[in-house]
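Following: one structure in structure tokens, then a few remarks.
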Amino acid sequence: MPTVLVVDDAAVDRKLVGGLLAKGKDLTVEFAASGDEALARLAATGSTASEPSVIVTDLVMPGISGFELVAQVIQTYPQIPVILMTGKGSEEIAVKALEAGAASYVPKAVLHQHLLATVQDVLDMVRERRSHARLMGCLQRGHFTFALANDPNLIASLINHVQSVVSSIGLCDEADVIRVCIALEEAVRNAMFHGNLELTSEQREGDSAEYQRLIDDRTSREPFASRRLLVAVEVTPRSGKFVVRDQGPGFDPTKLPDPTDPANLEKVSGRGLLLMRTFMDDVSFNSTGNEVTMLKRCPAAPLEAAS
Amino acid sequence: MIEPKYVRTEQTGETLVVAPLFTFATFAEADLASEWNVVQQQIETPAVKNVIVDLGEIPYFGSTVLEWMVQMWKRVRAKGGKLATCNASPIGREVLVTARFDKLWGVCDTRDQAQEWLSSTHA
């Protein structure tokens, strides 16, 4: 049975909210009189079955405010959604709390009409998210290929997707997942900007507005516009293979200056390949330099697993 | 006034504190370039001598933030100032050390330590 933890310093409001939630089917309602008490309750339960499924908190409280509670819960218990109850005049803080990760908010003036429905909606979302996490936990092999246009705004979505798959399949710990994603982002940015759009490091080091104009110009002009970026990912619990290919003229990676050489230390660009080589187990280019293959092995897997 | 989405700045004395707010998960090139231009203009003002890059808002970063830092470092150095970073996550610190940036500027744990480093006689 889902547990709702209600956090409010005013006893009368706790009673009101408790009464509203008691009308819900199969809900257990618990109370905390402050943010500190709520955090102590969370620390005591840890990630156990008695952990609350959702927190409903007042925004304005002495001690830890609802906003601060949201921030701390997001950081330490990201699986627990927080719903804020807001008073008149606190809309701006509520917006900030939503931006910081609160799941929803209900103005106190309309608690009767909306609180229970909002809690039920958020609980449905939690159930779906947990179910999806369980499903992804069963994933044995992820294999997908994207053919991307030269739209920089796609990079974040691509990396987020890869992050989710690599994390779910358990190839490596979360810190290594981030390292993999940093390396992949560098490879994709190199391929898009230096490969397909043929933009140079010198252009990048110049005026950033001018550089942006160059990107806009080339993404709409041939031969650059029709070039595609191929990103192929194959990941299992034992190994990950990440191939990024552009349709530009390629380059000779052996001629890139070593950014850690003291002579090159002050150069603005040139660190992408360094990060790729540092964070992946193996990085290799094809003979024309327009395709990079990066391998990541599960730390516990034998070496041949990623071949 | 529009709240910055990708980089926040605040000035303390003659030090400009620059806090990147984006990772690869939150990214829009054109908007990013626009906010970065504003930061560059701020650094050029006479009131700014030193820069602290506070990395505490982002758990990780790649070459875009590294490039920004080198550009900022060059700008403040040209004015006779210094740059220090602070609050990097363990992976962030790993990236800084991998790129050997700890040889160029102060890599500090906290903003106070960064401020102390700027006040010291380090090159």
Practice problem: Compute the semi-axes of the equivalent ellipsoid of the range B:60-123, taking the square root of 5 times each eigenvalue of the Cα gyration tensor, and list them largest first in whole Å. | Solution: 18, 15, 9
Quiz item: Any idea how far apart A:ASP151 and A:ALA100 come out in nm if each label point goes 7 Å out from Cα toward Cβ?
Solution: 3.4 nm
Quiz item: Over all residues in B:61-72, what is the mean tally of Cβ atoms on other chains that come within 10 Å of each residue's Cβ?
Solution: 6
Quiz item: Based on the alpha-carbon gyration tensor of chain A, what equivalent-ellipsoid semi-axes (square roots of 5 times the eigenvalues) come out, in whole Å, largest first?
Solution: 48, 23, 18
Self-check item: Exercise: per-residue mean of other protein chain Cβ atoms within 10 Å, B:90-103
Solution: 4
Quiz item: At a Förster radius of 22 Å, what calculated FRET efficiency corresponds to the Cβ-Cβ distance of A:HIS132 and A:ASN160, to the nearest 0.05?
Solution: 0.90
Quiz prompt | Listed residues A:PRO78, A:PRO107, A:PRO262, most fluctuating in chain A (Gaussian network, C-alpha, under 10 Å) | solution = A:PRO262
Quiz item: With springs only between Cα atoms under 10 Å, which of B:ASN87, B:ASN50, B:ASN37 fluctuates most in a Gaussian network model of chain B?
Solution: B:ASN37
Exercise. Add +1 for every Lys or Arg and -1 for every Asp or Glu among the other residues with Cβ under 14 Å from the Cβ of A:GLY87, and state the total.
Key: -4
Self-check item: In nm, spacing of pseudo-spin labels at A:GLN72 and A:LEU139 (7 Å Cα→C-beta vector)
Solution: 3.4 nm
Exercise. Anything in chain B that counts as a DSSP H helix reaching 15 Å or more along its axis (C-alpha) with Kyte-Doolittle mean of at least 1.0? List them, would you?
Key: none
Quiz item: Tilt of helix A:11-22 relative to the longest C-alpha principal axis of chain A, in degrees (0 to 90, nearest 10)?
Solution: 70 degrees
Quiz prompt | Value of [θ]222 nm, deg cm²/dmol, for chain A, DSSP H segments ≥ 4, -39500 (n - 2.57) each, nearest 500 | solution = -13500 deg cm²/dmol
Quiz item: Nearest 10 degrees, 0 to 90: what angle lies between the long axis of helix A:153-169 and the longest principal axis of chain A (Cα atoms)?
Solution: 70 degrees
Quiz item: What net charge is computed for the residues neighbouring B:ALA88, neighbours being all others with C-beta under 13 Å from the C-beta of B:ALA88, Lys and Arg scored +1, Asp and Glu -1?
Solution: -3
Quiz item: Is there a pair in A:LYS88/A:LYS108; B:LYS49/B:LYS82; A:LYS88/B:LYS5; B:LYS74/B:LYS103; B:LYS49/B:LYS74 whose C-alpha atoms are over 19 Å apart, and which pairs would that be?
Solution: A:LYS88/B:LYS5
Quiz item: Looking at the protein assembly as shown, what % of its DSSP beta bridges pair antiparallel, to the nearest 5?
Solution: 50 percent
Quiz item: For A:LYS255, which lysines qualify as cross-link partners when the Cα separation must be under 21 Å and same-chain residues fewer than eight apart are set aside?
Solution: A:LYS267
Practice problem: Using only atoms on other chains, find how many Cβ atoms lie within 10 Å of each Cβ of peptide A:187-193 and report the average. | Solution: 1
Self-check item: Shape metrics for the range A:109-223, restricted to C-alpha atoms - Rg then Dmax, Å
Solution: 20.6, 61
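Read-outs: derived from the displayed coordinates by stated rules, not from any lab. In this text the structure is predicted, and so the values were computed from the model without any measurement. Positions of Cβ are generated from backbone atoms using ideal geometry, with glycine treated the same way; all protein chains shown enter the neighbour counts.
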